[in-house]
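The values are calculated or read from the model by the stated rules, or taken from the named source; none is laboratory data. These numbers come from a predicted model, not from an experiment. Quick reminder, even Gly has a Cβ in these numbers, built from the backbone with ideal geometry, and neighbours come from all protein chains shown. These accessible areas exclude ligands, DNA and RNA; they are computed on the full protein's heavy atoms, side chains included. Shrake-Rupley method; radii C 1.70, N 1.55, O 1.52, S 1.80 Å.
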Amino acid sequence: MADMVGKALRVLSLLGEYPDGVGLSELARRAGYPVSTTHRLLSSLQEQGFARSDPASKRYALGLRLFELGQRVSHARGFAGVALPVLRALTDQTGEPTLMAVLDGHEQVYVHSVRGPRQIQIRGEPGQRGPLHCTSMGKCLVAFAPDRAALVESLELTALSPRTITTRAEFAREIASVRARGYAVADEEHEPGIRAVGVPVLAPDGTAIAAVSTAAPAYRVTMAELEAFVPALRAAARELAASLPR
């Protein structure tokens, strides 16, 4: 058992040397394991989210599960990434919390959360996962994803509040609207009493590498007041796009 754990960790370490992915044969050669053993190890790592594969290129890379764990350590020890100064500046402008998330499969993973000055806060703990179909950041990540059409057709539209979009046609219209205007809103769709507005952080090819949002209790802000933050969110997203790793 310990031997297999050690082999799996070696495969993980080698994957880290290939940010754009690596083929099975090359990885097996570098690890010094038979291809069958390497494939079995990769399958186990994929099941737990520590590795991922691209069906088109048949290349393997590190999975976001490692990022989740790293974010938990980073958050606990107070490390500040390149994004935090931008998000803190945005919270200073809005007076409300700022959140940031990335896409992983059919979910979003929260990577940063900056508290606002108010006593009541909306939070997205780093490393936690959330739905795509009923949150402002999730809608942005879907609307500007490379596989947008597939996500629109395959996401589970679970009703998490009375205002959650649950029909495929309505969700498709919502995502088309988000792409057209460049931002998304969630008006008590994820949880009753919570409103949010979000924008995508776009790579040069127009796909989202992340999303940022401002969220607040519905009793405190109207949707119009939240949408007034869109210019500040867009400015922050442009700054993040220039500094975040792809």
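Take the chain, connect every pair of alpha-carbon atoms lying under 10 Å apart with a spring to form a Gaussian network, then pick out the residue of 89, 210, 186 with the largest mean-square fluctuation.
Most flexible of the set in this elastic network: 89.
Could you tell me how many degrees, from 0 to 90 and to the nearest 10, lie between the Cα long axis of helix 168-181 and the main elongation axis, the longest principal axis, of the Cα atoms of the chain?
Helix 168-181 sits roughly 80 degrees off the main axis of the chain.
Of the peptides 189-201, 171-183, 54-66, how do they stack up when ordered by the mean number of other Cβ atoms within 10 Å, highest first?
189-201, 171-183, 54-66
What accessible area per residue comes out for the chain, rounded to a whole number of Å², with a 1.4 Å probe?
Accessible area per residue: 50 Å².
Build a GNM of the chain with springs between Cα atoms under 10 Å: which of 218, 169, 184 gets the top mean-square fluctuation?
Answer for the Gaussian network model of the chain: 169.
Relative to the longest principal axis of the chain, what angle (0 to 90°, nearest 10) does the C-alpha long axis of helix 64-77 take?
On a 0 to 90 degree scale, this one is about 60.
Mind sorting out which of [x] -0.37, -1.26, -1.38; [y] -0.43, -1.23, -1.33; [z] -0.35, -1.37, -1.54 is the real log10 I(q)/I(0) by the Debye sum over Cα atoms at q = 0.09, 0.17, 0.18 Å⁻¹ computed from the coordinates?
Matching entry in [x] -0.37, -1.26, -1.38; [y] -0.43, -1.23, -1.33; [z] -0.35, -1.37, -1.54: [y].
What is the helix-to-structure angle for 35-47, meaning the angle in degrees between its Cα long axis and the longest Cα principal axis of the chain, kept from 0 to 90 and rounded to the nearest 10?
So the helix axis and the longest Cα principal axis differ by about 20 degrees.
Apply the Karplus parameterisation 6.51 cos²θ - 1.76 cosθ + 1.60, with θ equal to phi minus 60°, to every residue of segment 137-154 and state each ³J(HN,Hα) to the nearest whole Hz, in sequence, with x for glycine and proline.
5, x, 5, 5, 5, 6, 4, 10, 7, x, 9, 3, 4, 5, 5, 4, 7, 10
With a 1.4 Å probe and every protein chain kept in, tell me what percent of the accessible surface of the chain is carbon plus sulfur.
That share works out to 53 percent.
At 222 nm, what helix-only mean residue ellipticity would the chain give, in deg cm²/dmol to the nearest 500, using -39500 (n - 2.57) for each DSSP H run of four or more?
That calculation yields -13500 deg cm²/dmol at 222 nm.
Grab the Cα-Cα distance for residue 44 and residue 218, subtract it from 0.36 nm times how many residues apart they are, and report the gain in nm with one decimal.
Once the chain is fully extended between residue 44 and residue 218, it gains 58.3 nm.
Can you give the FRET efficiency for residue 205 and residue 10, using 1/(1 + (r/R0)^6), R0 = 45 Å, r = Cβ-Cβ distance, to the nearest 0.05?
Efficiency, from the Cβ-Cβ distance: 0.85.
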